[in-house]
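These notes concern the structure reproduced below.
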């Protein structure tokens, strides 16, 4: 779908495929403060702290937000601007990578008759999307398990629990009071959205005004002063990503309407076309491989290319 927003003209380095949240909380001091606020602890500087974020394993992003070891816990913190019920499944895959790395670097012998101790996993999602959500919500991997017959259903052997915290300004006030940086981030995002509504076709202006206001008011002041140009790029990237994901859903919906295919199946078709396009396949080759109508494949390709 064609995008006409004028801000596209001012885009800079699109290689900055990162978002604001993990950049703000990449500092050890900020992460410990956030950990304390989330867990009701009071740790100060500690040697038992290690950032162990793994790059390049989850879907469209170049890296996960942040993961770290802290006082016997394995923490996975992610920021989400859209509600995603599949986060437990994504977390399961990510924790598998994290524990594999932990076992390897520590030289743990998992074939030993001695029990090998590992850190306790904690998975927290910091949500600030526009969909209304409660202050706190628990997402479970088991909710995704197929349960054709509840009476005969036997609980599976795996579970992954996600604690989703709403960090939109006005939510989780006690949490915000304990972590000043998180509160300032929430204020900054609220200001961004306010100006984005005012300047829908010039998001660069909206972002700059939000930064200038916050700097004047002492909100994320040091971070914004030092990294103003980077913040502009990161926020524009976030808007790009949200628009891209919305457009994929719109493509699936439109193609589903045309062909009568259910939206879920059409989303899968769009994804399959993307993967084959990335491998250099032609429309004819894709249509043949997927056993789909050539016109349908060409229409999907055309709309993908316009994103």
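Figure legend. Inter-residue proximity from the stretch 136-150: first residues assigned by TED's automatic domain parsing to the domain that holds residue 83, second residues modelled with pLDDT under 80 and assigned to a helix (DSSP H, G or I), beta-carbon distance below 7 Å, spacing 6+ or different chains. No pairs are indicated. The criterion of being modelled with pLDDT of 65 or more, touching a helix residue (DSSP H, G or I) at 6+ places or on another chain (Cβ under 8 Å) and assigned to a loop (DSSP other than H, G, I, E, B) does not hold for residue 284. Selection of first residues in the stretch 273-299 that are surrounded by fewer than 13 Cβ atoms within 10 Å (Cβ to Cβ) and of second residues that are at pLDDT 80 or above, restricted to Cβ pairs under 6 Å at least 6 apart or on distinct chains, gives the following pairs, ordered by first then second residue: 294/287.
Do you know which of the residues in the stretch 135-159 that are touching a strand residue (DSSP E or B) at 6+ places or on another chain (Cβ under 7 Å) and either at pLDDT below 95 or assigned to a loop (DSSP other than H, G, I, E, B) (or both) is surrounded by the most Cβ atoms within 10 Å (Cβ to Cβ)? Steps first, answer last, please.
Step one: of the stretch 135-159, the residues touching a strand residue (DSSP E or B) at 6+ places or on another chain (Cβ under 7 Å) are 135-140, 159.
This time we only want the ones that are either at pLDDT below 95 or assigned to a loop (DSSP other than H, G, I, E, B) (or both), so: 135, 159.
Details: 135: 15, 159: 12.
By that ranking, first place goes to 135.
The values are calculated or read from the model by the stated rules, or taken from the named source; none is laboratory data. Only a predicted model underlies this, so the values are computations on that prediction, with no experimental measurement involved. Glycine gets a Cβ as well: all are built from the backbone with ideal geometry, and neighbour counts include every protein chain shown.
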